[in-house]
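The structure appears right after this line, and notes come after that.
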Amino acid sequence: MPPSPGIDEWLFRTWNLAGSDPILDRIMIFFTILTGVYVIFLVAVPLWWRGLRTATFDVLLLLAITIVATEAIKYLVDRPRPCDALANVNTLAGYRCSAEFDPAFPSGHASRAFAVAAFLTIRFRWRLGIPAGAFAVLAGISRVYLGLHWPSDVLGGAAVGIGFALLIEVVSRRVEPYQRIRARIVEAIPHLSRRSRGT
């Protein structure tokens with residue numbers, strides 16, 4: 001699928017500022033890194049530590065589904081990244097198209113970040129939703145800034161992440177088989193931990 005012309009490219013050129021400011025470069029790399037695999041530890045570990053075990057299970061499942069679905073959509077759409085499709089794209093060492101193994105649409109970083117932001121907003125309201133939402137927006141911008149995604153990739157990723165967060169919330173509240181399976185898994189983990197300490 002060829003990149004969308006017009007406003008998508010114009011917005012990309014406007015936000016693709018990699019290399020323009022060393023401090024801004026570091027900020028954008030920071031958000032890109034944290035919305036990689038680290039987002040799992042940033043969210044799941046604190047929830048588990050505070051005893052919110054069902055929420056931890058739900059968010060881990062949400063992230064797993066979001067990652068798998070995002071990758072499937074990427075290869076179905078097969079959209080080239082802007083740093084592959086356009087000339088004169090601003091990129092940084094270590095964050096170029098050659099370092100990416102999959103197509104552009106939707107942004108995986110955005111889908112994960114917005115999935116988490118939507119989940120935290122639904123479960124914990126604006127106390128956690130506002131900072132998580134701001135983090136997700138900056139994560140999405142960082143992908144365009146670094147030249148790795150079109151703005152529409154970020155919007156697509158946001159839609160995927162928010163959609164699955166809503167789905168998980170509905171299932172977790174209304175589907176009893178899911179609730180029973182989740183309870184069994186969550187209850188088993190402390191027993192496994194006690195057995196491991198006794199060996």
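Derivation of every value follows stated rules applied to the coordinates shown; laboratory data play no part. Computed from a prediction, not measured in an experiment: that's the story for all the values here. Quick reminder, even Gly has a Cβ in these numbers, built from the backbone with ideal geometry, and neighbours come from all protein chains shown.
Here are some notes:
- Segment 100-199 pair-distance distribution - Cα-Cα, 5 Å bins, rounded %: 3, 13, 16, 15, 13, 12, 11, 9, 5, 2, 0
- Angle of helix 151-174 to the longest C-alpha principal axis of the chain, folded into 0 to 90 degrees and rounded to 10: 10°.
- Most positive-pole-ward Cα, 163, 149, 42, against dipole of the chain from beta carbon charges: 42
- The Stokes-Einstein estimate for the chain, based on a Kirkwood radius over Cα pairs and taken at 25 °C with 0.890 mPa s viscosity, is a diffusion coefficient of 137 µm²/s.
- Order by protection proxy (mean Cβ within 10 Å, highest first), peptides 14-23, 82-91: 82-91, 14-23
- Reported to the nearest whole Å, the Cα centre-to-centre distance from segment 45-83 to segment 159-174 is 12.
- Scattering curve values for segment 1-78, log₁₀ I(q)/I(0), Debye with Cα scatterers, q = 0.10, 0.16, 0.21, 0.27 Å⁻¹: -0.42, -0.88, -1.01, -1.12
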